[in-house]
Amino acid sequence: MYSQAKVIAGGLAHIPVVIAVFYFILTTFNKRALKFVEASKTKKTEAKVVEPKKIAVSKAETAKIEAPKTDTTKLVKKKHADVPVNIYRPKTPYEGTVIENYSLLKEGAIGRVNHITFDLKDSDPFLNYVEGQSIGIMPAGEDANGKPHKLRLYSIASTRHGDDFNGNTVSLCVRQLQYEKDGQTINGVCSTYLCDIKPGDKVKITGPVGKEMLLPDEEDANIVMLATGTGIAPMRAYLRRMFEATEKEKNKWNFKGKAWLFMGAPKSANLLYEEDLQRYLTDYPENFKYTKAISREQQNTKGGRMYIQDRVLESANELFNMIEDEKTHIYLCGLKGMEPGIDEAMTKAAEEKGLNWSELRPQLKKAGRWHVETY
Ligand code: FAD
Ligand code: A2P
């Protein structure tokens, strides 16, 4: 028999169970509700990311069609996004093997300038590059503080297909730095190391770097090149890309524009890659023009050393006719010291055409048509 008190006590004893069941239902529902809110939040965020992307792409596409021809800066940047950079950094450089290292100079030349080729085929990731880029070289040994030498940059003198057209080498054009100090001849660390290395030696390579000296894609572009000494390095790569038969078969870039090289060297015996350049002149007389300034054998109108800026002045009219064409790009590479001279010559040459060089140069730069790499 149940007494009334027992029934009440029994009923009360169920209350915690009921509360527990109620609490369980509530939290489960809350958790699900929370999950649902989170999920819809994520979905919203994803949607947010996707949408502007779509808009950005379509805007860029429209810009390609609608942008005025002179404002090409954004397009240039976009195009360069796929150019390889810093595949190898100083902490983990690639050790390339020297394939060849030979002098580019003739009997009676001043100094030492070598053409050096490295094998890249074992690099993993593969060290690829395009014309106009540079690589870093870390010379063996230590500096005066017992630290490893810092890297030095060198312009790449080969096309991406390499001198043997197999696409797995890189070549440089290096002048040994030498100067006199306190009656002593000082040899530059890295340039001497590079001029002395032998086939089979291993060299620490970084990069590639640089997007300043890239060629345009257009086959009907005009390319004006102003080089002193080893400043010819990137120009050699451009000219091989334009005029070297096997390279042309590989690259499928059918250059139809005009290439004009102004080359500064101290003596005829110092002219670099001269036989190749003469061959291009014979093979492509309509597309290639080659103007030399041989400083210690020729004189300018003032009786001083003949520099490329003197040649620029002589050709002012023809040169500025080309520059006025928006398909023309100008590349300047070599001695930093030539920059003021070139600027002065361009100012005078522009004046003769009624143009203002100080206004024109930034415009050319902005349009990605004025390319400078001096050192
Ligand atoms: P270092 O031992 O580093 O000595 C150089 C230092 O010596 C100078 O910093 C200066 O302090 C001192 N010095 C130099 N000359 C004198 C002087 N007359 N009197 C007193 N002190 C002096 N070089 C090439 O040969 N070919 C290239 O294609 C090339 N491309 C380059 C591309 C880029 C983007 C840059 C930035 C440089 C390029 N260089 C190139 C130059 C190269 O990087 C080195 O600077 C050069 O080889 C000298 O390095 P080094 O180690 O031999 O000289
Ligand atoms: P120079 O040395 O006779 O004064 P390299 O690197 O083989 O020495 O060649 C560099 C060339 O650039 C040389 O003919 C050199 O002439 C020339 N050069 C030197 N200084 C300038 C300058 N400020 N502007 C243009 N060319 C220059």
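The values are calculated or read from the model by the stated rules, or taken from the named source; none is laboratory data. Quick caveat, the model's predicted, so the values are computed rather than measured. Neighbour counts run over all protein chains shown; Cβ positions are idealised from the backbone, glycine included. Heads up: the accessible areas ignore ligands, DNA and RNA and are worked out on the full protein's heavy atoms, side chains in. Shrake-Rupley method; radii C 1.70, N 1.55, O 1.52, S 1.80 Å.
I need every pair where a residue in region 325-349 that is farther than 16 Å from E359 by Cα and touching a residue at least 60 places away in the same chain (Cβ under 8 Å) has its Cβ under 9 Å from the Cβ of a residue that is within 16 Å of ligand 1 (Cβ to nearest atom) and open to solvent by 50 Å² or more (accessible area, probe 1.4 Å), sequence separation at least 6 or different chains.
As it stands, the answer is L332/E339; C333/Y375; G334/Y375; L335/Y375, since those pairs meet every condition given.
Specify the residue that is farthest from I110 (Cα to Cα); the eligible residues are those in region 266-291 that are buried (at least 17 other Cβ atoms within 10 Å of the Cβ) and within 10 Å of ligand 2 (Cβ to nearest atom).
L272
I'm checking my understanding of the structure. Among residues of region 275-314 that are small (G, A, S) and touching a Lys or Arg at 6+ places or on another chain (Cβ under 9 Å), which one is nearest to W357 (Cα to Cα)?
Checked region 275-314; the qualifying residue nearest to W357 (Cα to Cα) is A293.
Do any residues in region 185-207 that are within 16 Å of C173 (Cβ to Cβ) have Cβ atoms under 6 Å from those of residues that are open to solvent by 50 Å² or more (accessible area, probe 1.4 Å) and within 7 Å of ligand 1 (Cβ to nearest atom), where the two are at least six apart or on different chains, and which pairs are they?
G188/L177; C190/R152; S191/L177
For region 215-256: of the residues being touching a strand residue (DSSP E or B) at 6+ places or on another chain (Cβ under 8 Å), farther than 30 Å from R296 by Cα and open to solvent by less than 10 Å² (accessible area, probe 1.4 Å), which is farthest from ligand 2 (Cβ to nearest atom)?
Among residues in region 215-256 that are touching a strand residue (DSSP E or B) at 6+ places or on another chain (Cβ under 8 Å), farther than 30 Å from R296 by Cα and open to solvent by less than 10 Å² (accessible area, probe 1.4 Å), the one farthest from ligand 2 (Cβ to nearest atom) is A221.
Scanning region 169-214 for residues that are closer than 15 Å to T159 by Cα and within 16 Å of ligand 2 (Cβ to nearest atom), which turns out surrounded by the fewest Cβ atoms within 10 Å (Cβ to Cβ)?
My answer is L172.
Based on this model, can you work out whether E38 counts as modelled with pLDDT under 95, open to solvent by 40 Å² or more (accessible area, probe 1.4 Å) and either among the polar types (S, T, N, Q) or away from ligand 2 (no atom under 16 Å from the Cβ) (or both)?
yes
Pick from region 303-320 the residues that are more than 13 Å from M338 (Cβ to Cβ) and in contact (Cβ under 8 Å) with a residue 24 or more places away in the chain: which of them is most open to solvent (accessible area, probe 1.4 Å)?
Within region 303-320, the match that is most open to solvent (accessible area, probe 1.4 Å) is N317.
Of all residues being surrounded by fewer than 14 Cβ atoms within 10 Å (Cβ to Cβ) and of a type outside the set (S, T, Y) in region 96-109, which is nearest to Y273 (Cα to Cα)? Just the residue, please.
Per the stated criteria, the residue is K106.
Quick check on my filter: what residues within region 321-342 are surrounded by fewer than 14 Cβ atoms within 10 Å (Cβ to Cβ) and in a helix (DSSP H, G or I)?
N321, P340
From the list Y331, Y290, Y375, Y273, which residue is on the phi > 0 side of the Ramachandran plot and within 25 Å of the chain's Cα centre (by Cα)?
Step by step, each of Y331, Y290, Y375, Y273 is checked, and only Y273 is on the phi > 0 side of the Ramachandran plot and within 25 Å of the chain's Cα centre (by Cα).
With a cut-off of at least 2 residues that are hydrophobic (A, V, I, L, M, F, W, C), away from ligand 1 (no atom under 16 Å from the Cβ) and in contact with a Ser or Thr (Cβ under 9 Å, 6 or more places away or on another chain), name the strands (runs of 3 or more DSSP E) lying wholly within region 199-284.
Counting at least 2 such residues, we get 222-228, 259-265.
Scan region 125-137 and give yes if some residue there is within 23 Å of V189 (Cβ to Cβ) and either surrounded by fewer than 19 Cβ atoms within 10 Å (Cβ to Cβ) or touching a Cys at 6+ places or on another chain (Cβ under 8 Å) (or both), otherwise no.
Yes, some residue in region 125-137 is within 23 Å of V189 (Cβ to Cβ) and either surrounded by fewer than 19 Cβ atoms within 10 Å (Cβ to Cβ) or touching a Cys at 6+ places or on another chain (Cβ under 8 Å) (or both).
So is W260 more than 10 Å from ligand 2 (Cβ to nearest atom), surrounded by fewer than 22 Cβ atoms within 10 Å (Cβ to Cβ) and more than 30 Å from G108 (Cβ to Cβ) or not?
no
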